[in-house]
Amino acid sequence: MKSKRTSWLLAAVSVTISLGLLFSCAQTKTETKAMPASYTEEELGLRQEPLYDESKTLPVHGETTSKEPGESTKYERSFENSPPLIPHDISGMLPLEKDNICMGCHMPEDAVFSGATPIPSSHLINLTTGEYLRGKLDGSRFNCLQCHVIQTTLSPAVQNIFKGEFRDEKGRYRSNLLNILNEGVKSE
Ligand code: HEC
Ligand code: HEC
C-alpha cells in the first residue's frame, strides 16, 4: 500500500519537473527570437529631446488674438452643439467672478446691444432639475472658460483630422441643445 503511494508521488514529481523544463525551454526560445528594436532617448516622444533633461524644451504657448469683441470673426462650431470657441481677446477680463464681464455682453438682454451671440437657454436653467431660473445664469455656468476656450496660432505636433457632422446647416454657427436634449427619449 505504502510503496504504491510512493510510486504515484514519484510519477507526479517527474511529470512536474519535465513540464517545468519544457516550459523554460519554450521561454528561452521566444526570448532569443523576438528582440524589440531599441530607441535612443532622443527618438522617444514627439519632442525629440532626452527624456531626463527638459531645460532646452520650453513650452510653446503661441499667440492669442488681439482682436477686440466686435472686430473678430466667429469660428465654425467643431461639431453639433459643441461650445463655441472664443474668437476675440479676453485679456483684461480675467479672473471670472460669479457676475462676470462676459455676461455683460452675452446675456440675452445685453447681446441685443453688443452684437454678441446670446447665452443659450441651456445656461439659464438648472439642467439637473429642469428649473427655469427666470433669466438668471445657472451657477454652474459662470466659469465660461471651463468650456469655451480662446485659440492660439501654433503648429500642432499631431494634426487633428476630426471632422464634425451637422444634421442642420444652421448648427455650424448656432446651438439648439435644449430643443433636442430629449430627442429619442420616450416619455409617457
Ligand atoms: C464687449 C462685449 C463682449 C465681452 C465683454 C465678451 N464678448 Fe464674447 N463676443 C462678443 C461679440 C460681439 C462676439 C461676436 C464676434 C465679434 O463680433 O467679435 C463674441 C463672440 C464670442 C463667442 C463666439 C460665439 C459664437 O457664436 O461663435 C464666445 C464663445 C464668446 N464671445 C465668449 C466670451 C467670453 C467667455 C467672454 C468673457 C471672458 C466674452 N465673450 C466677453 C462680445 C463680447
Ligand atoms: C459647463 C460648460 C459650459 C459653461 C461653463 C459655459 N458654457 Fe456656453 N456653451 C456650452 C455648450 C456645450 C454650448 C453649446 C450647446 C448649448 O447651447 O448648450 C454652449 C453655447 C454657448 C453659446 C452659443 C449659443 C448659440 O445660440 O449658439 C454662447 C454665446 C455661450 N455658450 C456663452 C457662454 C458664456 C458667456 C458663459 C459664461 C458666462 C458660458 N457660455 C458658460 C457649454 C458651457
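Which of the three applies to segment 61-182, rounded, prolate or oblate, going by the alpha-carbon gyration tensor with a ≥ b ≥ c and a/c under 1.5 meaning rounded?
Taking the square roots of the gyration eigenvalues as a ≥ b ≥ c, segment 61-182 is oblate.
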Quick one: grab the alpha carbon gyration tensor of segment 40-80, order the square roots of its eigenvalues as a ≥ b ≥ c, and give me rounded if a/c is under 1.5, else prolate or oblate depending on whether a/b is larger than b/c.
oblate
Surface accessible to a 1.4 Å probe, residue 39 within the full protein complex, Å²:
150
Rounded to the nearest 10 Å², what accessible area does residue 172 have for a 1.4 Å probe in the complete protein model?
70
For segment 73-159, the percent of accessible surface on carbon and sulfur atoms (probe 1.4 angstrom, ligands and nucleic acids excluded) is 58
Under 5 Å between amide H atoms, partner at least 5 residues away or on a different chain: which partners does residue 150 have, H built in plane at 1.01 Å?
86
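Can you work out the accessible area per residue across segment 56-188, with the rest of the protein chains kept in place, probe 1.4 Å, in square angstrom?
77
The values are calculated or read from the model by the stated rules, or taken from the named source; none is laboratory data. Bear in mind that the values here come from a model prediction, so they are computed numbers and not experimental data. What goes into the accessible areas is simple: the full protein's heavy atoms, side chains included, and nothing from ligands, DNA or RNA. Shrake-Rupley method; radii C 1.70, N 1.55, O 1.52, S 1.80 Å.
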